Amino acid sequence: MWRHMVAGGRAVVLGGGIAGLCAAQALMRRFDDVVLVERDRFPDGPKWRRGVPHSGHAHNLFQSGLAALERLFPGIEDELVAHGIRRVRMPDDVLLLTPGGWMRRFEGRHVMLTGSRELLDWVVRTRIETGGRARIRDGCEVTGVRVDAGEVTGVEVRERNANGDGWGEPAQLAADLVVDATGRHSRAAEWLRRWGYGVPQETVIDSRTVYATCVFKRPDTHDADWESVLIQATTDAPQAGILIPLEGDRWLVSLALVGADRAPAGVKEFREVAERMRSPIIAEALEKAEPLTPVSAYGVTENRWRRFDALDDFPRRLVLVGDSAGYLNPSYSQGVSVAARTAVALDRALAEAPTLDAAVTALREEAGRIFQPAWKLSVGSDLRWLPAVRLPLRGRILQWYMQRLVEVAAHHRRTALALLDALHMTGADTALFHPAVVLAVLRGARGGDVFPTPKPVRRPGKPGDQPGDQARRTT
Ligand SMILES: Cc1cc2nc3c(=O)[nH]c(=O)nc-3n(C[C@H](O)[C@H](O)[C@H](O)COP(=O)(O)OP(=O)(O)OC[C@H]3O[C@@H](n4cnc5c(N)ncnc54)[C@H](O)[C@@H]3O)c2cc1C
């Protein structure tokens with residue numbers, strides 16, 4: 001059966017976001033015919049489109065996601081950088097205000113890519129288009145999935161008409177494998193219910209965070225030695241902010257306002273909110289920066305995990321990737337990495353499993369394992385905002401430990417590296433519990449490889465605001 005698939009099978013990918021594109025690349029190595037079906041018409045360059053409405057907000061690609069992308073598309077990191085995407089070293093190039101104060105900057109081992117999400121998607125999409133082995137059907141909507149005797153056998157699609165204002169008649173597209181990458185509005189749970197399967201258990205943790213983003217021209221006069229600023233929220237000051245460089249000498253600033261009922265209405269209010277944060281450094285950097293866009297808002301920021309991986313009975317030949325199975329509060333920048341890593345796991349499962357059915361089952365379980373640490377990171381942090389959620393004793397101890405660890409990381413190199421490993425998904429979970437880290441957390445970072453005592457705070461009354469300190473690199 002497996003040989004038959006390799007020789008002539010067709011895989012159909014539903015959705016051409018980053019998860020669908022990565023999955024298509026993995027499938028092209030194993031299937032003769034790969035069809036990617038996308039409802040939008042793809043723009044002819046790195047431009048915003050309806051199907052990925054959040055693409056205008058800050059998107060960082062952390063290291064494990066970058067490694068996965070590179071594995072799928074060799075040479076892509078250099079290609080992205082050639083297009084203007086920036087390599088930002090962490091913590092070397094970042095002013096990072098943690099709940100424990102400014103993180104000391106030192107020569108670390110982590111890199112994140114920053115740039116527009118539209119550019120990332122366009123470069124990846126161009127690789128698929130020029131790779132020649134996947135057929136892209138954009139302007140084509142999936143309206144249903146067909147299942148026969150417990151096996152997915154195809155999808156129903158309809159084409160957008162030439163004017164773009166309506167749809168043609170539905171048509172059938174046979175498939176040996178269907179990959180659902182339709183994102184957070186995936187209808188997979190509904191399909192399962194209709195086919196008579198169990199419905200996945202769903203957990204939702206919602207910190208009610210509102211995102212607001214504005215893009216600025218980077219002032220020509222800006223000559224600080226940092227590339228990016230990240231201000232983390234605390235329970236006393238529940239506003240986070242990030243400034244990242246974008247291609248084209250631009251800065252993108254996103255504010256994440258926990259519990260807010262709305263985003264700032266315009267650039268003036270946006271600047272005022274930035275000024276009132278734990279440190280006004282972002283507002284100060286923006287003083288001479290010209291806004292290039294209006295403020296855009298995004299409010300669907302909950303963590304949601306649909307446990308397809310835990311279902312005993314599941315139709316054969318159906319795979320879910322990316323946000324369709326679960327998504328996270330964007331403040332923790334994990335979604336693209338999870339999508340790329342799941343595609344690598346798909347590639348591996350197809351290469352190693354004895355049959356296609358075994359590969360699909362293995363991938364479903366592996367996708368859950370990839371998602372879990374990102375979920376723990378994101379939900380563990382968001383539970384700060386939800387005191388009504390009663391955790392078991394073990395959970396409360398873990399939460400205390402993690403909050404303390406984040407504070408200690410500001411001043412303790414080894415703890416900082418363990419924390420960055422967790423964020424970038426580059427280390428084992430156990431690194432957070434290495435004896436040296438546990439000791440630092442329990443002692444509050446006294447002794448060991450503690451950083452030098454910081455300079456006195458320049459601005460009394462603005463806790464933790466020491467940008468002058470940050471300009472002095474601590475190695
Ligand atoms: C504000 C915000 C900021 C974020 N920042 C980061 C970050 O810094 N780093 C990070 O790693 N992640 C970040 N994320 C998460 C990341 O954007 C998502 O995880 C990622 O977009 C998921 O990709 P996807 O392909 O699964 O889904 P999507 O990007 O939603 O793509 C789904 C695709 O399916 C198509 N589609 C849907 N239904 C159909 C249908 N019926 N037929 C055909 N096509 C269909 C859509 O048009 C779309 O193209 C952020 C998310 C948000 C909301």
Is region 131-149 home to any residue that is modelled with pLDDT of 95 or more, in contact with a helix residue (DSSP H, G or I) (Cβ under 8 Å, 6 or more places away or on another chain) and crowded, with 22+ Cβ neighbours inside 10 Å? yes
Those residues that are of a type in the set (Asp, Glu), in contact with a Phe, Trp or Tyr (Cβ under 7 Å, 6 or more places away or on another chain) and away from the ligand (no atom under 11 Å from the Cβ), I need them from region 94-147; list them, please. Glu118
Would you tally the residues in region 400-428 being of a type outside the set (Asp, Glu) and within 22 Å of the chain's Cα centre (by Cα)? 15
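Let's see how each residue does on (1) over 24 Å from the mean Cα position of the chain (by Cα); (2) closer than 26 Å to Leu252 by Cβ:
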site	(1), (2)
Ala181	no, yes
Arg187	no, no
Glu190	yes, no
Thr234	no, yes
Filter pass, Arg384 being in contact with an Asp or Glu (Cβ under 6 Å, 6 or more places away or on another chain) and assigned to a helix (DSSP H, G or I): no
Region 176-188 - residue that is aliphatic (A, V, I, L, M) and within 14 Å of the ligand (Cβ to nearest atom) and, of those, nearest to Arg316 (Cα to Cα): Val178
Quick check on region 166-209: of everything there that is among the β-branched types (Val, Ile, Thr) and open to solvent by 20 Å² or more (accessible area, probe 1.4 Å), which residue is nearest to Ala274 (Cα to Cα)? Ile205
Screening Thr153, Thr203, Thr221 for residues that are part of a loop (DSSP other than H, G, I, E, B) and more than 10 Å from the ligand (Cβ to nearest atom) leaves only Thr221
Region 43-89: number of residues that are within 14 Å of the ligand (Cβ to nearest atom), part of a helix (DSSP H, G or I) and open to solvent by 40 Å² or more (accessible area, probe 1.4 Å): 4
Across region 16-30, what is the total count of residues that are part of a loop (DSSP other than H, G, I, E, B), at pLDDT 95 or above and either open to solvent by 10 Å² or more (accessible area, probe 1.4 Å) or away from the ligand (no atom under 15 Å from the Cβ) (or both)? 1
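The values are calculated or read from the model by the stated rules, or taken from the named source; none is laboratory data. Keep in mind it's a predicted model, so treat the numbers as computed, not measured. Glycine also receives a Cβ, built like all others from the backbone with ideal geometry; neighbour counts cover every protein chain displayed. In case anyone asks, the SASA skips ligands and DNA or RNA and just uses the protein heavy atoms, side chains included. Shrake-Rupley method; radii C 1.70, N 1.55, O 1.52, S 1.80 Å.
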